[in-house]
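Chemist: The structure is given below, and queries will be raised subsequently.
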Amino acid sequence: MEEKFNRLIFIPIAAVLFLMIGYQYVCPADSNTCYFRSDDKGLFQRYSSGFELVYTEPEADEDLPSKITSKFNFTERNLDRHVDFKIRGDDVMVFLHIQKTGGTTFGRHLVKNIQLEQPCDCMPGQRKCTCHRPGRADSWLFSRFSTGWSCGLHADWTELTSCVPTVMNKRDKKSVQKNKRNFYYITMLRDPVSRYLSEWKHVQRGATWKTALHMCDGRSPTEDELPACYSGDDWTGVPLIDFMSCPSNLANNRQVRMLADLSLVGCYNMSSVSELERGLVLLASAKANLLNMAFFGLTEFQRKTQYLFERTFGLRFIRAFTQINSTRAASVGISEKVRWRIEGLNALDVELYEYAKELFLRRYQYSRQKQHQEERLRRWQERQQRQRLHRTYLSELWRLGGGGGEEEEEQMKGLEEVATTEDYSSQVVRW
């Protein structure tokens, strides 16, 4: 009689212990998944992703529309971006730096702000940093602040793709034939009107980029193919109207030109194809190259650029990117007529940026959704593991309590089923 009484007492005690363990599982002491509110009754669950401790959450004030208008048919393969970047191997990250797109700031992030096993060595007073692989004296990064302008000042896609492999293999004393390595191209883009105004202000202060090579099909353009917009050493003080009036101004549609394969249209020989055909071919080429690049960011979305870079390459930045909107271009007041003129001069860039912006934001949305799916899967796997441990613990507790008999076994089985159902129901709210 006494033994039966002890068994009956044991069942509610085991149930209480199981509920206590379950509560610690659902709401561990060091987590924020559950919290109580004084103004309402009951337990409220709050989703808290573990990945948020790793990936920087983009700023809420960045302009991300709640619903992105779909104009381009991007596939899941276009949106899913992950690079198995072997920094210990022979992979090289190549930064295509387009003028006035925030490339200088981003370039400094690459050499000074990435968490690396062997950080880049940046000496005070020197423009270039040494970015060696762990335990090796060869570079994993091709950029202005690591290797310098080794393929020419602000080299474009046409120049880089024909120059970088030879330069890097020569620097690292490797054979191109014997050692096939991966080159991952990255770049930054900017709103065309803002970028154009920023370049005008830069040229107005004396910038020329005269030493740029503009190599294409093994040669630089002739003076007839690319005539200068000014006489003298520079174009200091140029009014905006004069800047816009030069037909050979490389500021026009610069982003498309620097991302396209210029050999498709005879390089800088404008007579090889009609102007309309040339524009269509260059735009299509720029879109294709941008789509196939390992990564690109947008100046107007700094924190999202940081997030996508980290997700793409599996690298982490030390400090968060900063969105700076008070630029020189932003301080320039222009009329609607002048804006239309600039957009007309940069019609290809306007279309490219529209394409790039939708692709960028869709990649961001896709990556965030995938991150949440990964987190839910991880949490589900943890729940399954802990439930197995709980069942094992209860079985052992039941055995030590002298449990036995068909009636007690049915009660224990029912207790486990109820606990499992409650655990599932509690997670429905969280999901």
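The values are calculated or read from the model by the stated rules, or taken from the named source; none is laboratory data. Please read all numbers here as calculations on a predicted model, not as lab measurements. Note: ideal-geometry Cβ built from the backbone for every residue, glycine included; neighbour counts use all protein chains shown. Accessible surface is based on the protein model in full, side chains and every heavy atom, while ligands, DNA and RNA are left aside. Shrake-Rupley method; radii C 1.70, N 1.55, O 1.52, S 1.80 Å.
Chemist: Note down the nm distance, to one decimal, between modelled labels 7 Å out along Cα→Cβ at residue 277 and at residue 375.
Modeler: 5.3 nm
Chemist: Further question on the same structure: For the stretch 232-278 and the stretch 198-212, what is the separation of their C-alpha centers, rounded to whole Å?
Modeler: One Cα centre to the other: 14 Å.
Chemist: For the cross-link pairs 128/357; 71/304; 180/304, which exceed 27 Å when the distance is taken from alpha carbon to alpha carbon?
Modeler: Numbers: 128/357 31 Å; 71/304 21 Å; 180/304 32 Å.
As for pairs spanning more than 27 Å Cα to Cα, those are 128/357; 180/304.
Chemist: At 7 Å along the Cα-to-beta-carbon direction for both residue 210 and residue 223, put a label point, then send me their distance in nm to one decimal.
Modeler: Output for this residue pair reads 1.3 nm.
Chemist: Under 5 Å between amide H atoms, partner at least 5 residues away or on a different chain: which partners does residue 120 have, H built in plane at 1.01 Å?
Modeler: none
Chemist: What nm distance separates the two modelled labels at residue 104 and residue 383, each placed 7 Å from Cα along Cα→Cβ?
Modeler: Result for the modelled spin labels: 5.2 nm.
Chemist: Next up: Residues with beta-carbon under 11 Å from that of residue 129, excluding residue 129: net charge, scoring Lys, Arg +1 and Asp, Glu -1? Let's see the in-between values first.
Modeler: Values: positive: 108, 112, 127, 128, 144; negative: 121.
Within the 11 Å Cβ shell, the charges total +4.
Chemist: Around residue 188, which amide H atoms from residues at least 5 apart in sequence, or from another chain, sit under 5 Å from its own amide H, with H modelled in the peptide plane?
Modeler: Those lying under 5 Å, H to H, from residue 188 are 98, 297.
Chemist: Which FRET efficiency value, to the nearest 0.05, is calculated for residue 170 and residue 391 with the Förster distance at 56 angstrom and r the Cβ-Cβ distance? Could the numbers behind the result be given before it?
Modeler: Details: r = 63 Å, r/R0 = 1.13.
Computed FRET efficiency for residue 170 and residue 391 comes out at 0.35.
Chemist: Another question, if that's okay. Could you tell me the distance between the Cα centroids of the stretch 70-85 and the stretch 310-363, to the nearest Å?
Modeler: Result: 20 Å between the Cα centres.
Chemist: Whenever you get a sec, line up 75, 312 from highest to lowest accessible area (probe 1.4 Å, protein heavy atoms).
Modeler: The most accessible residue leads, giving 75, 312.
Chemist: Keeping all protein chains in position, work out how much accessible area residue 114 exposes to a 1.4 Å probe, and write it in Å² to the nearest 10.
Modeler: 10 Å²
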